[in-house]
Number of protein chains: 2
Amino acid sequence: MTPDRLSLTFAALADPTRRAILARLALGKATVTELAKPFPMSGPAVAKHLRVLERAGLILRGREAQWRPSELEARPLKDAVDWLEGYRPFWEASFDRLETYLSELQMKESKNGRRKKR
Amino acid sequence: MTPDRLSLTFAALADPTRRAILARLALGKATVTELAKPFPMSGPAVAKHLRVLERAGLILRGREAQWRPSELEARPLKDAVDWLEGYRPFWEASFDRLETYLSELQMKESKNGRRKKR
């Protein structure tokens, strides 16, 4: 079974090195050698990450066999955000509950504090 | 190496069944049996997906051994959105380029159309 596009996107993002590669490409095109520089890993290991990103449509690669510079292609990230945004009411509600809880806790503690001072 | 939280979140979302489970839980708490119903898969297969979601902090599970209803916990999704939003300028630019290209194409075609009519 071929994974659906959204699953491919999320799977490609589920790795800190691949996210760092995308962050580097946000600054401009780069070759495998340039991309490999900041990482304690071999060129082939970086090349493997690039294939995952390419398969997910998150990078475009040049045709020049020698260099094949990679370029960021951010469009699939929009679909990921669109999917996630459906859950915004839930995380906002959960932060609201946390805030209510914390302010209740604070109120309780300041009451206790006043009681102790008397 | 334990994966970082963001990688755990993205990995958990990289599966259509797990995303469907979250969509079901957005309607309210549910047991494994209830969650398994719409899927052509065994209870244990669904339970495995629930463990992935639980490990990523995307669901909370009740203590009652028999039922253990699952509940949506959307907070980790906010961090995912925050990370993705950093790339918004890039996908917007890429859609702008596409729009420019398409309107240029349309203009060209309507010019050709007028030429043919004469």
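Annotations
- Restricting attention to the range B:1-33, the residues that are open to solvent by 10 Å² or more (accessible area, probe 1.4 Å), touching a residue at least 12 places away in the same chain (Cβ under 8 Å) and more than 19 Å from B:ASP79 (Cα to Cα) add up to 6.
- Residues of the range A:59-79 that are open to solvent by 80 Å² or more (accessible area, probe 1.4 Å) and of a type in the set (Gly, Ala, Ser): A:ALA65 alone.
- Residue within the range B:80-99 that is open to solvent by less than 40 Å² (accessible area, probe 1.4 Å), assigned to a loop (DSSP other than H, G, I, E, B) and in contact with a strand residue (DSSP E or B) (Cβ under 7 Å, 6 or more places away or on another chain) present: no
- Checked against the criteria, B:ALA36 does not count as within 15 Å of B:ALA80 (Cα to Cα) and surrounded by 19 or more Cβ atoms within 10 Å (Cβ to Cβ).
- For the range A:79-118, the set of residues classified as at pLDDT 85 or above and in contact with a helix residue (DSSP H, G or I) (Cβ under 9 Å, 6 or more places away or on another chain) consists of A:ASP79, A:ALA80, A:VAL81, A:TRP83, A:LEU84, A:GLU85, A:GLY86, A:TYR87, A:ARG88, A:PHE90, A:TRP91, A:GLU92, listed by residue number.
- Taken over the range A:27-45, residues that are part of a loop (DSSP other than H, G, I, E, B) and closer than 11 Å to A:ILE59 by Cβ amount to 1.
The values are calculated or read from the model by the stated rules, or taken from the named source; none is laboratory data. Since we're looking at a predicted model, the values are computed, not measured. Because the Cβ atoms are built from the backbone with ideal geometry, glycine has one as well, and the counts that use them run over all protein chains shown. Remember, those area values only see protein heavy atoms, side chains included, never the ligands or the DNA or RNA. Shrake-Rupley method; radii C 1.70, N 1.55, O 1.52, S 1.80 Å.
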